[in-house]
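Notes for the one structure printed next.
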Amino acid sequence: MQPDASSWTDFLDWCEAQGIEAGSLQVCKEDGRGRFLQASAKVEADQLIMVVPAHAILAEGMGTATYQASHWMLGIAHRLLEEDCLENSAFAPYVRLLMEGEPHEFDAMAALPGCVGSLARERKKLRCAHVSELVRAMPGCDPERAARALHTVDTRTVYSHPARVRALVPLFDFANHSANPNARWIMGPDRALRLYATKPVDIGCEVTISYDNISNGRLLVTYGFVLEGDGPHRCVDLNVGPLPEQETPLLQTCAVQLQVLGGGCLRRRAALLPVLNMIRGHQEGEVLLAMHLLQQVQDELLEWEAAAAGPFQDGRFQVLSTMTVQVLGSFRDKLKAWLKDPEKVPLMSALGPTTEALGLHSDSDSSEVTD
């Protein structure tokens, strides 16, 4: 469902009345990708291009010491539904626009293999539980309305690390994600959100931010899109089970989750340290670990190759499957190359990221500017 013209006009009038400043920007719309922010005037690097005052922002958290994702998800969804029910809500035009969106489906995603499928199934289960909780907490709210509110929270909120606040920010939330964004944002002590250009932006060019440095699989499950080309999104989450007991009868190794970068190297190799510590005294321990990783990645590759040739006709699934097969294939080749001469370098050194890979995969969790 798309908002009608009157809803959109009411929303723009409301933004102006709230004092939202965005003189260098305009909202454009294209078939197939919806609305997005575009520069309506030449923008210079470090230029302030949008200010959304605190009173126009729907926020949850407000600096609590025990801030957790489950708290803000239900908190903002509940707040959104409350505002939706109020006849004279101060946020009425914005809430109406938000609630006219449609949640993307989880069913097809949950059939995907690997961590992506596991994540989609977990999110689907959590979504059902949250919908039930919202319906119980708000008599008269139907499950579809609750699901729309949760979908809005999933896809349109931002998180301020310094303020420890999750927020729905009108107008700003039309900024799309990019692997090479040209803008960043900050939420200061006044709780207002400010958007700054990080490089010159010509008239007519889209203004983009980074939602987070996460894999294409997580982008798909969370936001409903994937990206092509290089960038932080070109990586694969890989579940690695415990070493078989018959091979390590004296060890109780645990399952770990790794992130394989585009060139087949590992990010955050520390996830393997507990396993390495356990097998350090074992004869040919690193070889044993490398062979186990090789078996795990080969099994995963078979599943993804089947998914790429399967019934998923959506272009997003094809992009994800193709990228995943390429990345895991590179990781497999690295392991095979190391096993040919395991005495040359330690396994962790062979699997470590290059300087170039680290540049493409920042550890930043947010596009927010820090003071």
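Observations, loosely collected:
- The residues of segment 126-208 have, on average, 41 Å² of accessible surface per residue, using a 1.4 Å probe with all protein chains present.
- Whole-Hz ³J(HN,Hα) from phi, Karplus 6.51 cos²θ - 1.76 cosθ + 1.60, for segment 320-330, glycine and proline x: 5, 5, 4, 4, 4, 4, 5, 5, 5, x, 5
- Residue-wise HN-Hα coupling along segment 289-296, computed from phi with Karplus coefficients 6.51, -1.76, 1.60 (Hz; x: Gly, Pro): 5, 4, 5, 5, 4, 4, 5, 5
- Taking label points 7 Å from Cα along the Cα-to-Cβ direction, Asn277 and Thr9 give a separation of 6.6 nm.
- Per residue, segment 303-348 exposes an accessible area of 53 Å² to a 1.4 Å probe, with every protein chain left in place.
- Spin-label pair Val51-Asp142: with each label point 7 Å from Cα along the Cα-Cβ axis, the two points sit 4.3 nm from one another.
- Segments 165-177, 37-49 sorted - mean Cβ within 10 Å per residue, highest first: 165-177, 37-49
- Of the residues Val43, Leu112, Gly19, the one whose Cα sits farthest toward the positive end of the charge dipole of segment 6-212, with +1 on the Cβ of Lys and Arg and -1 on the Cβ of Asp and Glu, is Leu112.
- Cut-off 16 Å, label 7 Å out along Cα→Cβ of Glu30, residues of segment 172-195 by amide N: 174-182
- Between Ser40 and Asp212, the simple spin-label model (points 7 angstrom out along Cα→Cβ) gives 3.2 nm.
- Heavy-atom surface of segment 1-51, accessible at 1.4 Å and reported per residue (Å²): 56
The values are calculated or read from the model by the stated rules, or taken from the named source; none is laboratory data. Keep in mind the model is a prediction, meaning the values are calculated, not measured. Neighbour counts run over all protein chains shown; Cβ positions are idealised from the backbone, glycine included. What goes into the accessible areas is simple: the full protein's heavy atoms, side chains included, and nothing from ligands, DNA or RNA. Shrake-Rupley method; radii C 1.70, N 1.55, O 1.52, S 1.80 Å.
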